[in-house]
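This report concerns only the one structure given below.
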Amino acid sequence: MGPDSESRLSLLRGPYRLVSWSVCALVSLNAFEGMGVAAALPTAVGELGGLANYGWVFTGYLAASVIGMASAAYSCDKHGVRVTILTAVALFVFGLLLAGTATAMLPLIAGRVIQGLSGGGLMTTVYVMVGALFPEALRPRLFAVISFCWVIPGIVGPTMSGALTEHVGWRWVFLGLVPVAVAAAALLLPALRAVRPATPRTGNANPSRIRSAVAVAIGIGCVERGAQHPDAATLLAATMGVAALAWGLRGLLPRGTAIARPGIGAPVALRGLTAGAFFGVESILPLMMATQHGLSPLQASIPLACAGLPCAISSWWLGRVTGPDALRRRIRLARCGLMMVCCSNASLIWLSQPTATSWLMNPMWVLAGFGLGLAIPTANVLVLERTTEHDRAADASALQVADTTMSSLTTGASGVLVGLATRGLLGYSAAFAVIGLSMAALALLAAVVVGRLRLHSGLLPGEPLMEGIPNSGG
């Protein structure tokens with residue numbers, strides 16, 4: 001296909017229309033279950049009498065999603081995209097039905113675990129589908145649309161969930177999504193028949209990756225438990241959880257990710273560092289606005305809504321970057337985006353003071369959202385450009401694992417500092433300032449990693465990157 005024909009390709013018409021809509025629907029459903037249901041869960045847990053186990057409704061979802069990511073990568077290599085995504089959708093529907101009909105806490109937690117398992121699998125498989133079904137010219141545009149699909153549930157999801165809970169019942173927050181999931185899967189069927197199964201590498205089509213994912217999930221659970229309820233026993237468990245994380249991640253991430261090795265390792269590291277820097281602050285913003293500035297829950301949540309639309313706009317803008325120097329321009333924009341996140345995080349040093357002007361947090365988080373939309377899609381596009389057909393599933397899974405793991409660790413670290421402030425061991429202003437400063441440093445580290453994205457196999461920073469670069473590790 002020549003450059004002229006590629007420039008005329010569209011996501012909304014022609015052969016890619018139905019599969020584009022289906023991908024958008026699946027991503028939106030997964031995003032809603034990850035973020036939008038939060039408004040319904042307190043009512044659900046209160047009705048079922050499980051407030052003591054409330055945290056596991058979230059931790060179970062997050063930990064299971066890591067297992068889903070690795071399992072989907074293995075299944076894509078072993079059985080193909082079609083079987084994997086249809087299985088993930090079936091599990092997603094089963095999890096919705098189980099949670100929506102729960103009459104006790106255990107079925108609700110089990111439903112959330114199954115949703116996390118299937119949600120992680122869906123996202124990995126979607127990335128594999130993007131590489132298998134869409135030409136290179138359309139991938140940046142589709143990633144921009146996918147970013148937007150994460151934004152909408154984050155903005156309207158909690159409001160919609162709260163309205164359904166109040167006027168219809170919390171169960172319909174789950175049950176109402178079942179027909180949408182089935183319809184999205186039906187739209188995919190024609191396109192999935194055309195996907196040719198790849199010949200996997202032995203290291204990728206190996207169930208040991210699933211064992212590594214289980215170790216990471218256990219590690220996340222132990223670290224989260226230790227962060228939320230620190231004592232001698234939980235801190236010991238958290239230490240063991242860190243060891244399990246280190247062991248498990250070695251089997252899930254490309255070789256060289258820890259040192260941001262040029263090739264696949266650098267963009268995977270960029271995805272993890274960026275997500276960790278952003279969500280480590282966003283997780284405590286409503287609490288900071290409420291405790292330091294006395295805002296109501298609705299007012300305290302406004303900064304979170306402010307980040308959504310700018311993130312979508314910057315992702316769309318990045319998706320329009322084409323041409324022979326597109327790589328250089330994307331890398332430059334990603335670095336600029338990370339500096340925006342760094343500045344926004346650092347603003348907590350003064351905006352966490354009770355005497356600061358509280359509304360200034362809104363434009364600062366607009367800036368952070370804009371920066372996030374420049375950095376994350378850049379990492380996604382570069383991984384798909386540099387991976388091979390044989391490694392696509394494993395590398396797509398690695399992106400998700402890096403994102404989820406780093407976000408879990410940074411939100412857990414932020415929770416520890418907030419817990420110290422709650423017990424009077426540290427002032428709230430000091431705790432929030434340390435969180436902002438440390439997450440700003442993480443964003444700055446990610447900006448340094450961006451400089452390694454252009455390097456591979458001895459290429460100099462000014463030389464063009466060749467297409468089809470193989471994976472740098474198993």
- Note on the structure: Within the range 260-281, restricting to residues that are over 17 Å from Leu382 (Cα atoms) and either crowded, with 22+ Cβ neighbours inside 10 Å or over 14 Å from the mean Cα position of the chain (by Cα) (or both), the one that is modelled with the lowest pLDDT is Gly280
- Query: Does Arg193 satisfy being exposed (fewer than 14 other Cβ atoms within 10 Å of the Cβ) and either modelled with pLDDT under 85 or more than 21 Å from the chain's Cα centre (by Cα) (or both)?
  - Reply: yes
- Item | Lone qualifier among Ile146, Ile114, Ile109, Ile67 - being at pLDDT 85 or above, within 17 Å of the chain's Cα centre (by Cα) and not polar (S, T, N, Q) | Ile67
- The residue that is modelled with the highest pLDDT, considering only those in the range 282-301 that are within 21 Å of the chain's Cα centre (by Cα) and open to solvent by 30 Å² or more (accessible area, probe 1.4 Å), is Glu282
- Task: Quick one: Ala243 ticks every box in (1) part of a helix (DSSP H, G or I); (2) among the small types (Gly, Ala, Ser); (3) crowded, with 22+ Cβ neighbours inside 10 Å except a single one, so which number is it?
- Result: (3)
- Task: Any chance you could count how many residues in the range 213-240 are modelled with pLDDT under 85 and part of a helix (DSSP H, G or I)?
- Result: 15
- Query: Here are Pro363, Pro354: which of them is in contact (Cβ under 8 Å) with a residue 12 or more places away in the chain, in a helix (DSSP H, G or I) and in contact with a helix residue (DSSP H, G or I) (Cβ under 9 Å, 6 or more places away or on another chain)?
  - Reply: Pro363
- Item | Subset tally (residues that are crowded, with 19+ Cβ neighbours inside 10 Å and either of a type in the set (Gly, Ala, Ser) or outside any helix (DSSP H, G or I) (or both)) for the range 114-137 | 8
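Results for (1) open to solvent by less than 10 Å² (accessible area, probe 1.4 Å); (2) of a type in the set (Gly, Ala, Ser), shown as yes or no for each residue.
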| site | (1), (2) |
| --- | --- |
| Ile349 | no, no |
| Ala356 | no, yes |
| Pro363 | no, no |
| Leu367 | no, no |
| Phe370 | no, no |
| Ile376 | no, no |
| Val383 | yes, no |
- Item | Flag for Arg250 being open to solvent by 20 Å² or more (accessible area, probe 1.4 Å) and not in a helix (DSSP H, G or I) | no
- Please tell me if Ser414 is at pLDDT 80 or above, over 20 Å from Pro262 (Cα atoms), in a helix (DSSP H, G or I) and under 11 Å from the mean Cα position of the chain (by Cα). no
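The values are calculated or read from the model by the stated rules, or taken from the named source; none is laboratory data. Just so you know, these numbers come straight off a predicted model, no measurement behind them. All Cβ positions, glycine included, derive from the backbone under ideal geometry; neighbour counts span all protein chains shown. The area values use the complete protein model at the heavy-atom level, side chains included, leaving out ligands, DNA and RNA. Shrake-Rupley method; radii C 1.70, N 1.55, O 1.52, S 1.80 Å.
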